[in-house]
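Here's the structure we're looking at; comments come further down.
Readers should treat all values here as calculations from the given coordinates under stated rules, not as data from a laboratory. The structure displayed is predicted, hence computed values, not measured ones. Glycine also receives a Cβ, built like all others from the backbone with ideal geometry; neighbour counts cover every protein chain displayed.
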């Protein structure tokens with residue numbers, strides 16, 4: 001299937017490893033010019049080297065999507081190097097944390113959750129929407145969590161709540177910009193075997209492998225390439241009638257119908 005995104009410029013958050021890397025790989029293999037963001041300069045350099053050796057068109061952007069000035073700088077850099085970004089994938093980092101209950105959760109933790117999960121969408125949208133509207137084409141995909149469909153009750157509420165906020169934001173934006181040819185979708189991701197999930201399970205406050213696999217219908221972890229395939233489709237011309245959705249990619253972990 002031709003996804004018709006050859007030559008389009010994509011920004012993939014957290015693309016140096018894990019599901020972000022899987023998404024970056026798939027978009028680049030479909031012919032997109034992919035800019036990967038990461039706070040880990042060493043991991044980013046390694047990923048760029050490997051993808052370049054594969055013959056993929058890719059570049060790295062070091063920094064944090066929470067930083068509005070940095071995002072503005074990135075978009076200007078890509079505009080000069082390639083073209084205006086047409087595909088945006090926000091993939092904020094997970095946070096290992098104990099659930100101490102509402103009364104022991106600080107306002108600073110709620111503020112941090114907003115910065116980590118909500119503000120990257122806001123910062124990027126401000127910079128890229130004008131060109132997308134002018135060209136009548138654009139794609140936003142937000143990597144969220146299956147907790148937006150069925151909250152993990154042992155997770156801190158600021159984690160699940162802020163992820164729900166991102167899905168709500170993209171749903172509203174899908175109506176505001178739908179007639180401009182721009183789609184907005186979220187992924188409710190389940191258990192994927194990545195460097196971060198391995199780190200997560202080494203923490204004694206987190207889920208165990210057994211906790212995650214027992215409820216999962218397919219009985220195994222997802223792979224970054226499987227996530228990449230779904231996101232690449234949503235970013236394609238073929239998915240132009242799919243917008244405002246929060247799509248579960250969880251191996252059947254969540255039992256909700258919708």
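Work out the FRET efficiency for residue 134 and residue 193 from their Cβ-Cβ distance, taking R0 = 51 Å, and round it to the nearest 0.05.
Using R0 = 51 Å, I get an efficiency of 0.80.
Averaged over every viewing direction, what's the projected area of the C-alpha convex hull for the chain? Give it in nm², one decimal, please.
Orientation-averaged projected area of the Cα hull: 13.6 nm².
Kindly identify segment 36-81 as rounded, prolate or oblate by the Cα gyration tensor criterion: order the square roots of the eigenvalues as a ≥ b ≥ c, call it rounded if a/c is under 1.5, otherwise compare a/b with b/c, prolate if a/b is larger, else oblate.
oblate
Given the convex hull over the Cα atoms of segment 55-174, what projected area results after averaging over all orientations, in nm²?
Over all viewing directions, segment 55-174 projects a mean Cα-hull area of 9.0 nm².
Highest mean first, how do 141-148, 248-255, 103-110, 186-193 rank when packing is the count of other Cβ atoms within 10 Å averaged over residues?
Packing order, densest peptide first, comes out as 141-148, 186-193, 248-255, 103-110.
Rounded to the nearest 5, what % of the DSSP beta bridges within the chain are antiparallel ones?
Among the beta bridges of the chain, antiparallel pairing accounts for roughly 0 percent.
How far, in degrees from 0 to 90, does helix 224-234 lean away from the longest principal axis of the Cα atoms of the chain, to the nearest 10?
Taking Cα atoms only, the helix is inclined about 50 degrees.
Gaussian network model of the chain, Cα springs within a sub-10 Å range: biggest mean-square fluctuation belongs to which of 121, 172, 182?
Highest fluctuation of the listed residues: 172.
Which ordering of 233, 184 is given by a fewest-first count of other beta-carbon atoms within 10 Å?
233, 184
What does the helix-only formula give at 222 nm for the chain: each DSSP H stretch with n ≥ 4 adding -39500 (n - 2.57), the total divided by the residues, and the result rounded to the nearest 500 deg cm²/dmol?
Rounded to the nearest 500, it is -13500 deg cm²/dmol.
Could you give the angle, 0 to 90 degrees to the nearest 10, between helix 41-53's Cα long axis and the longest principal axis of the Cα atoms of the chain?
That works out to roughly 50 degrees.
How far is helix 68-81 tilted, in degrees, relative to the longest principal axis of the Cα atoms in the chain, given as a value from 0 to 90 rounded to the nearest 10?
40 degrees
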